[in-house]
Structures are given as C-alpha cells and as structure tokens.
Protein chains: 2
Amino acid sequence: MKKFVNDPKNYIPEMLQGLALANPDSLRYVPEYNLIMRADAPNDDKISIIQGSGSGHEPAHVMSVGKGMLDAACPGDVFSAPPTDYVLETIKRVASPKGVLLLVNNYTGDRMAFEMAQEFSEAEGTKVRTLFIDDDVSVQDSTYTVGRRGVAGNFFVMKAVGAAAERGAELDEAVRIGEKVNSVTRTMGMALTACTPPAKGSPLFELPDDEVEMGVGIHGEPGRRREKLQEADTIVRELVDAVADDLPYASGDEVALMVNGLGGTPISELYLVYGIAHRLLADRGISVARSYVGEYCTSLDMAGASVTLVRLDDEISDLLADPAETAIRVF
Amino acid sequence: MKKFVNDPKNYIPEMLQGLALANPDSLRYVPEYNLIMRADAPNDDKISIIQGSGSGHEPAHVMSVGKGMLDAACPGDVFSAPPTDYVLETIKRVASPKGVLLLVNNYTGDRMAFEMAQEFSEAEGTKVRTLFIDDDVSVQDSTYTVGRRGVAGNFFVMKAVGAAAERGAELDEAVRIGEKVNSVTRTMGMALTACTPPAKGSPLFELPDDEVEMGVGIHGEPGRRREKLQEADTIVRELVDAVADDLPYASGDEVALMVNGLGGTPISELYLVYGIAHRLLADRGISVARSYVGEYCTSLDMAGASVTLVRLDDEISDLLADPAETAIRVF
C-alpha cells in the first residue's frame, strides 16, 4: 500500500484535523463525534442541513460543509456508516428552530443510522426531515443497498437545498426542492482500478490489468459487468447511453453535466472524458448549460470516473448558480 | 495502461477540446497552436500574461487561464516544451499595448522556446518580459534543467502577477512582483509511484513497491534519493524540513502553505499531509495564514505530493486574496 498514512485507524481523524487546520475561520472539528461543522452554525434564520456517510468519498461530505452547502457532516470510518449517536449529536449541535434536513445516500447502513437519529431527535422536539438520494442507474439493489445507490449526483441535491436554505426556505420547501433535483439526476460510473482502504492495505477487489468494472459502486460494489478495457470513446458512450436513456433525457433538454473523478484519475483525463460526453449529448439534441469537471464523490484512490446528468429547469438552474463556499477551493 | 485515452497522440488536443467545451463563455481553444486563451483577450487596459510548458501538469497551465490569472497558455505535448512558433503565435494573439509577461518554469527546453519567441516578438515591436520560476529546493541542476526546477510554487507567481495585472500594473511592476514572489517561494515533492505517459503506455520509471523518490521532479526526474516507504509523519517531516530550511523560513514568519497532489493521490491523503505540515511549521514558530490543498501542478497519474511555502508580506497577501476565475472550480 503506497499512501500517506500513519496508523491506519487514525486515517480519518488525521484527515479531519488537517481539514480543520486549513479552515480555521469557517470550520470546526469535534473529534469525539468525528464531526465537521460550520463555525457559525447553528443559524436560527435558516434550516440546518446535515449529510453523513462512510468516509473515503472526499470531498463528499466533510469538504462540502460551508455557506450555501452543508451545515455539518458526520462521517463514519472508511466506507462505514456513522454511528447513530454521532448523527444524533450532530443534529443537536447544529439544529435550528426552522428544522433540520438530513441528506442520506441510499445505503442500508446509512439509512438505519439516520432514521434512528431522526426518531430520537424528534422525540426530543427537534423538527427533522430526511431526504434519500439514489441517482446511480447502474443496478437495482446492490451489496449494501436496497434500491438504487446514491453517488456523485448527490452534489446537486446538496447544492440546491443549500442555496434554498440560505435564501430562507422552510423545511418542507427544501425537501420539495431536494426531491425534485434527485428525481431528475442520474449517474453511472466505472472503475479502471480498485481502491485500497488504508486499514485493509491491499486492493478492495481484484480487477485484471485488461478489464474494467462498468457501473461500479463507490465502495467497489459490482456494477453491471466486467469488460475488456477499451478506448475512451467506447467507455464514455456506454456511460452516457446508460445515464441518458434512464430518465430518459430527451432532445431539447437542458442539463448540467458532471464528470466526476473517482480519486486516482488525473484532471487531464477527466476533461478528455468531458469532451466526449458533451459531444454525445449534442448528438442527442441535449444541450449542456452547466459543467462540472473534477472530484466530487470519490472512492479513495480508485482510478475511474462517473457521468452525471441533471435535467435543468429555471428553479434548479437558479439555485445551482447561487454562490457557495467550502473547503474545496482553488484560490 | 489503464487510462481514459483514445489515440495517445490526440490525448492533449482531446483534453483541450473538453476544456473549451466546458467553458464556452470564458475560454477559446485554437487547435492549430494548441492554445487556450481567455475569450476576452487581449485587453488593452492590462498587461497580458502567458505561461506555457509541457502538458501533463494540469491544472497547470491551461486550466489556470482566466480573470486574475493567465491570459493564455500554450502547452506542448506531454512533458515536452511547446514549439517556438506556438509561443510566438500565442504572444501575437493576446499581446496588449501595455506589454506581455511570459512565465516560464525553469527547464532548458521551455527557456529556449520562450526566449526565441520573445526575441521574434520584440523584433516585431511587442513589449515582452520573461520571468523564470525555480522554486524546487530538491536539487541543483537536473535531467532537463540547469539550476533549480520550477514546480507547484509557480501557482503563487501566476496568482500574484495575475492580480497585479487586473489592477492595472505596468509590465516592470508585474516583473518586480513576480520575482519577489518567486524569491520567497520554495517547494519539495516526493513520489509514491511513477506516472504513465499515454504515448509510452508504461510507467516512466521503475519504483519498487516499498520505495519512494524524495525530491522527485514533475517529469519523474530523480530527486535527492530513493528511500524505503515510511509513515506519513516521517515523509512530511522530510519535505517540510527541506523546504523550511532552504530560504530559510524563520520563527515569526507568516506563510502560505500549499499541499499539492501529483495526480494520483486522493484529497483525503492531502489533508492528512496538510495537518502534519501545519503542525511541524507551528513547532518552528511559523504561522500559516493562507492554505492551499489540492492539485495545482501534477505529473499525470503519479501518486505523491509536494509541500510549498511562500513567505508573506502585506503586498503578497493582498494580491493572493484578490478574486480570480479559472476553469478549475467546484460550483
């Protein structure tokens, strides 16, 4: 295993310490609960938004905390749902009188932790709603999931409800917006290589040098099939076809197009993939109004990428265009 | 080779097409000269800033074109300097009456191409100055370099002169600022793995599973030495010591700290590295006023990272804080 790591069991806490040190004005780290929160949370004038999940998907979700995005993120260990009491404590610390919105990618472990935390919080009088995200078209049911998995498209739900919250939206309105965004968002990814969890120290699954996993999950779950490595045009066509045919997206649609790197693929390749996807959509009469190229939801050091489409309307476009500030920035 | 690639000889043009498609309002791509320029360049009210280099270091430099940064970038093929006539044409297309500033990382091939282009441009009456960047403390002279190499610290020169240019700085003033930033900027990197150039199809150099290259160059040039893979604390201490002792940076200094990923290392590891570096600097009495964690200057899919320090004064801090807009963005 060639990684920057000390004791593997401190991998996530040490990452979170670094994150907090790099953002002393905007973020607070609460080590007892593995929790990253906005320094200015809670804000009584807005609903509070929390997302949690296993770690290893950074920048999702701890690096998505900030103005216009999340109020807090409570990650579990690598690829493990956060414990219920961590979620509960996170809710307590950032709860606003306007309510709390929990965003949960659709995995059984995450659902359980967040549903229990919601029950406990409601019993204590906190107003809580939960929104499940399931944008992955690859498979129905999977290793850790009943139904579809939630993957990189989750960014658009965070961004839209985050913007709505800053504008003062009530909890029910934010849920309506988030459900709408999720309903018009579709993703499929593929792996060129497996990833290596620090605590395991070796690749999570075996993928021969000449094969790829089409439709891979972000925890290395199997996708639709293994196939021989092919040129980029062929791979990207398969991803775009799977995504575009699913909703389906139709000629005349205006979309946001995201090409998300899974962790080990450099940005030069992601832009090459983006160019192919953009042209394939143009061939279908689908026009790209907003572009996102980079890492949004990764799987540690996995080489590979996913393609996400969001069908835009005026409301969604407008919310996606609002400003936001998180740890992930260039300047 | 597991990459998103069609014909390897089209790797760079296809990446640049994708970059232009993702940024239709702000960037223009001129395929005849491999050139990415601001859609609104030249702007007669400001000096024009150009950087070129071999490709494979993205986001440097084609994804650093935009308001407050570069007016154009003319990349060569992977790890190859751009041809002189490409540089010359780039100067012609974005030249402003206030003058043109060429930023060149200190590699012999790049120096030759840019120095010849400067001569030709001056002969045609264009006002041109060139600024060489050599922030890498690892080695004196290297495979492609006389003197020190220019690496990730180059970002700070681009950012500072880019901001000065937007404020209306004259050419000589921008050169003064750029030289000052370069003089207080130091970097050292290390490789966990080699990178694989698409046209070669195999790793550029051999690095055993239990060894790392300390002080590696961004084209895989040898650094100070090979050593056994060690825990993150030990690796980062060696990088921070080499960088901090070089200028040297002293107790009481205020710095910008960049942890730059070399392409294959995920952001979770970069924040872990950042946390260690931040604490080691605190032990030396050096305080971090600005933080940069992510990919700024890569070496294709190489796993590894570099650490950069910039000693800040009011002028540099102020210029670094100015807004800028490039293709690399989250939202």
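Just so it is clear, none of the values below were taken in a lab; they were calculated from the coordinates. This is a predicted model, so every value here is computed, not measured. Reconstructed Cβ throughout: ideal geometry from the backbone, glycine too, with neighbour counts over all protein chains shown.
Using a cut-off of 18 Å between Cα atoms, the listed pairs A:Lys3/B:Lys200; A:Lys228/B:Lys200; A:Lys3/A:Lys228; B:Lys46/B:Lys159; B:Lys3/B:Lys228; B:Lys2/B:Lys228 include A:Lys3/B:Lys200; A:Lys228/B:Lys200; A:Lys3/A:Lys228; B:Lys3/B:Lys228; B:Lys2/B:Lys228 as exceeding that distance.
Please state the charge dipole magnitude for the protein assembly as shown, taken about the Cα centre, from unit charges on C-beta atoms (+1 on K and R, -1 on D and E), reported in debye and rounded to the nearest 20.
Details: 62 positive and 102 negative charges, 0 e Å.
Dipole magnitude for the protein assembly as shown comes out near 0 debye.
Between A:Asp45, A:Asp136, A:Asp283, the GNM of chain A built on Cα springs shorter than 10 angstrom shows A:Asp283 fluctuating the most.
Assign unit charges at the C-beta atoms only (+1 for Lys and Arg, -1 for Asp and Glu), then state the dipole size of chain A relative to its Cα centre in Debye, rounded to the nearest 20. Intermediate results must be reported in sequence, preceding the final value.
Working: 31 positive and 51 negative charges, 61 e Å.
That gives chain A a dipole magnitude of about 300 debye.
Residues considered: B:Ile91, B:Ile177, B:Ile218. Largest GNM mean-square fluctuation over chain B, using C-alpha springs under 10 Å, is found at B:Ile177. From the residues A:Ser55, A:Ala22, A:Met1, which one has its Cα farthest along the dipole of the range A:1-56 in the positive direction, the dipole being from +1 and -1 charges on Cβ of Lys/Arg and Asp/Glu about the Cα centre? The Cα lying farthest towards the positive end belongs to A:Met1. Evaluating 6.51 cos²θ - 1.76 cosθ + 1.60 at θ = phi - 60° for every residue in the range B:305-315, the Karplus couplings come out as 7, 10, 10, 10, 10, 10, 7, 8, 10, 4, 5 Hz, glycine and proline recorded as x.
For the range B:136-231, the list of trypsin sites (Lys or Arg not before Pro) that fall in a loop by DSSP and count at most 15 other C-beta atoms within 10 angstrom reads B:Arg167, B:Lys200.
Dipole size of the range B:82-196 about its Cα centre, with +1 on Lys/Arg Cβ and -1 on Asp/Glu Cβ: approximately 340 debye, rounded to the nearest 20. Nearest-to-axis residue in chain A, judged by Cβ distance to the rotation axis that brings A onto B and given in whole Å, is A:Gly264, 2.
Going by a ≥ b ≥ c, the root eigenvalues of the Cα gyration tensor, does the range B:192-331 fall in the rounded group (a/c under 1.5), the prolate group (a/b larger than b/c) or the oblate group?
Working: a/c = 2.18, a/b = 1.37, b/c = 1.59.
Oblate is the answer for the range B:192-331, as a/c is 1.5 or above yet b/c matches or exceeds a/b.
Percentage of Cα-Cα pair distances in chain A greater than 32 Å, rounded to whole percent? Roughly 24 percent, rounded to a whole number.
The residues packed around B:Asp25, meaning those with a beta-carbon under 11 Å from its beta-carbon, carry a net charge of 0 if Lys and Arg are +1 and Asp and Glu are -1. Cross-link partners of B:Lys9 among aspartates and glutamates, defined as those whose alpha carbon lies under 12 angstrom from its own and excluding same-chain residues fewer than eight positions apart: B:Asp77. Distances from B:Leu229 to itself in the other copies, using label points 7 Å out along the Cα-Cβ axis, amount to 2.0 nm in increasing order. If you plug each phi of the range A:19-27 into the Karplus form 6.51 cos²θ - 1.76 cosθ + 1.60 with θ = phi - 60°, what whole-Hz ³J(HN,Hα) values come out, in order, with x for Gly and Pro? Karplus-based 3J(HN,Hα) across the range A:19-27 equals 4, 5, 5, 7, 9, x, 7, 9, 10 Hz.
Please find, in a Gaussian network model of chain A (springs between Cα atoms separated by less than 10 Å), the residue of A:Phe114, A:Phe156, A:Phe205 whose mean-square fluctuation is greatest. The residue that fluctuates most here is A:Phe205.
Using the Cα atoms as the points, what is the convex hull volume per residue of the protein assembly as shown in Å³? Before the final figure, lay out the partial values.
Details: hull volume 89.2 nm³, N = 662.
It comes to 135 Å³ per residue, whole-number rounded.
Think of the range B:277-331 as having a plus end and a minus end, set by charges on the Cβ of Lys, Arg, Asp and Glu; of B:Leu320, B:Ser287, B:Ala303, B:Ala303 sits farthest toward the positive end of this dipole. Distances between copies of A:Ala39, taken at a point 7 Å out from Cα along the Cα→Cβ vector and listed shortest first: 3.6 nm. Each copy carries B:Ser202; placing its label point 7 Å along the C-beta direction from Cα gives inter-copy distances of 2.6 nm, listed from smallest up.
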